[in-house]
Each structure stands twice: as C-alpha cells, then as structure tokens.
Amino acid sequence: MVRPQSTIKRTARVSGKGYWSGTEVDVEFRPTSENQGVTFVRCDLPNQPRIRAAVGNRVKGPRRTTLVEGGHAVEMVEHVLAALQGLQIDNCEVWVNQPEMPGCDGSSVHFVEALLRAERIEQSAIKPYLTIDSVIRVGDESCWIQCEPSQTSGLDLTYQLEYWQPAIGEQHFSLLINPENFLDELASARTFVLESEAKLLRKQGLGKHVGYDEILVFGDEGPIQNHLRFSNECARHKMLDVVGDLALTGVDIHGKLTAFKSGHRLNAMMAMALIEQVETKTDSYRDSENRMFNKSA
Ligand SMILES: [Zn+2]
C-alpha cells in the first residue's frame, strides 16, 4: 500500500493541436523534487505563472477539466493528469506554451509514451494515500459516484455507461488501477462525441479542424471513418477521465469506486469529498499525536 514517490529522469515532449482552440501547443514534462506534486507552467506568459494540479484550482467548464491559479488557466488537463497518475509519476512540472493541452488522438497514449521514454525514477518520500473506511457518495439517481472500503490494496474502479444512442448503449468496465493495467487497458481509450454533438460544436466554431481520425464520432452505425480499439472503449475512456480528475486529490486512493454516468463535474465533487477525508484524517492524526504528547508531558 505504501510506495515511494517518483518523478522522471529527463524531460519529455509532446506537441499537437488543441481540440477546442485548434492552436499548436508544445508540452514539456520536467522532473521535479519530491512532495512537489504536478504543476503546470505557462511558459508563454510573462513571469511563467504556475498552476498547481489541485482540486481547489478547478473551475467549472463544459466537457473538459480546467485549472486556474492567479488568473492563469490551463485546459483539457485530464488526459495529461491521467497519464501521470496512471504511471505513478507524482512529481512533475508540465511546461506549456498555450492554455489548452493537445488533443492528440483523444486518449492519454501520446503523453504516456513520452513519459515512458523519460523513465520513471523513485524518490525517498512516501506518496500520501487515503484508505476508504466508509461509504462516500456524490450525485443523484441519474448519475453518481460511490466510494467504499475494499479488501484489495489500490483503487478498484468500475465505470457504468448508459447512452441513449444504440451504437454506444450500455457499457461497463472494471479495473484495478496500477501502471501495468493502466498501460494495457486504459491509456489508449479515446474520447468520443455523438455525430449530432459534433455538428452542434462545429456550428459554434469549436473543433472545426478536428477530423474523424482524431476523435471518435459516433453515428447510428458506430464510429464514423474510424475503428474501436476496445468494444467498450467509451466506458474505458470515461474511466480514464475519472483517473485524471481524481489525480487532483494528490493522494493514492485505496478503495472501491463505482461511477455511473459520471463526468468531470461529478468526478471533481468526488475529488473534493476525498480531500475532506484526507484533511479529517490528518487532523485526527495530529490530535492523537498531541494527546500522546500531552500524556507523556
Ligand atoms: Zn476525456
């Protein structure tokens, strides 16, 4: 359950277009010291402002995870964060020259490949973790996430998807999250939109430059001009988003988590609820330490 923190040995780069902006962006992953967590650095701006990957920096926005600190933003960070969390790379600076991360193929795989080339190295500090000891639930009947205690060490995730569109329909996927499983089963699952949504987004001027080979667009018969990597690729991608969004807690989670039709908003609500648990536990730990100290004093 306890594991050392890690970073990368050397820098790694990924370049590509932002899905929403269409702008070319360069991402550079850089090693950093222990207990630093993940920080985005906007190297295109004066004084290179830093934006920490923390749930308190998340702002509301449609269809993506956006972080803001000191008035500076980074967008579409979830697939980058999922890659780092999935590979257990805890301390890393992500230098970017645009607010939006590159869409690549809609999955985490380009970031993962770059990070693997950069090689993960262990550090001496221990990665903080939270063991779930009671049921935590967010959402309502239409969509929810529930976290509960588990016998297994690690995060045991299940995602249940229900789409009215028969080409997607009902899908579910379960996975124990560790670097090996993440690489094999989750990293390459791509984001998806319905054809009707894609048309609407294009009308609004968004994603005009994104082709069918760059994002899964579902028509009535299935993906248009594209092929699925897994029969339940949509559920897997939604799970990838959960991993990326929960990375904002900054801790490893040991427990069983089930998500039903959740998206970034609910994922963030669960991340907040988990952070509260971490803070409560830290406080009670401190209290018990103080009591012990007072007794002996
Ligand atoms: Zn996603």
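The values are calculated or read from the model by the stated rules, or taken from the named source; none is laboratory data. In this text, all values refer to a predicted model and were calculated from it rather than measured experimentally. Cβ atoms come from the backbone with ideal geometry, glycine included; neighbour counts cover every protein chain shown.
Out of all the residues in the stretch 7-35, which are assigned to a strand (DSSP E or B) and crowded, with 20+ Cβ neighbours inside 10 Å?
Thr7, Ile8, Ala12, Val14, Val25, Val27, Phe29, Pro31
Looking for whichever is at pLDDT 95 or above, in a loop (DSSP other than H, G, I, E, B) and not hydroxyl-bearing (Ser, Thr, Tyr) here; the options are Gln123, Gln88, Gln146. Which one fits?
Gln88
If you take the residues in the stretch 126-143 that are on the phi < 0 side of the Ramachandran plot and in a strand (DSSP E or B), which one is surrounded by the most Cβ atoms within 10 Å (Cβ to Cβ)?
By that ranking, first place goes to Val138.
Of these, Phe173, Phe182, which one is crowded, with 18+ Cβ neighbours inside 10 Å, of a type outside the set (D, E, K, R), in contact with a Phe, Trp or Tyr (Cβ under 6 Å, 6 or more places away or on another chain) and more than 19 Å from Arg64 (Cβ to Cβ)?
Phe173
Six or more apart or on different chains, Cβ under 7 Å: which pairs go from a residue in the stretch 63-87 that's in contact (Cβ under 8 Å) with a residue 40 or more places away in the chain to one that's hydroxyl-bearing (Ser, Thr, Tyr) and away from the ligand (no atom under 12 Å from the Cβ)? Could you list them?
So the pair list comes out as Glu75/Thr66.
Does the stretch 248-271 contain at least one residue that is among the β-branched types (Val, Ile, Thr), within 16 Å of the ligand (Cβ to nearest atom), at pLDDT 90 or above and crowded, with 21+ Cβ neighbours inside 10 Å?
No: zero hits.
Of the residues His79, His110, which is within 15 Å of the ligand (Cβ to nearest atom), more than 17 Å from Thr39 (Cα to Cα) and part of a helix (DSSP H, G or I)?
Exactly one of His79, His110 is within 15 Å of the ligand (Cβ to nearest atom), more than 17 Å from Thr39 (Cα to Cα) and part of a helix (DSSP H, G or I), namely His110.
So Glu197 ticks every box in (1) out of contact with any Cys (no Cβ under 6 Å at 6 or more places or on another chain); (2) under 26 Å from Glu24 (Cβ atoms); (3) buried (at least 19 other Cβ atoms within 10 Å of the Cβ) but one. Which box is left unticked?
(3)
I'd like the full set of residues that are more than 16 Å from the chain's Cα centre (by Cα) and either within 16 Å of the ligand (Cβ to nearest atom) or farther than 25 Å from Gln5 by Cβ (or both), limited to the stretch 36-67.
Asp44, Leu45, Pro46, Asn47
Can you tell me which residue among Glu221, Glu279, Glu233, Glu214 is without any contact (Cβ under 8 Å) to a residue 40 or more places away in the chain and either of a type outside the set (Val, Ile, Thr) or surrounded by 23 or more Cβ atoms within 10 Å (Cβ to Cβ) (or both)?
So the residue among Glu221, Glu279, Glu233, Glu214 that is without any contact (Cβ under 8 Å) to a residue 40 or more places away in the chain and either of a type outside the set (Val, Ile, Thr) or surrounded by 23 or more Cβ atoms within 10 Å (Cβ to Cβ) (or both) is Glu279.
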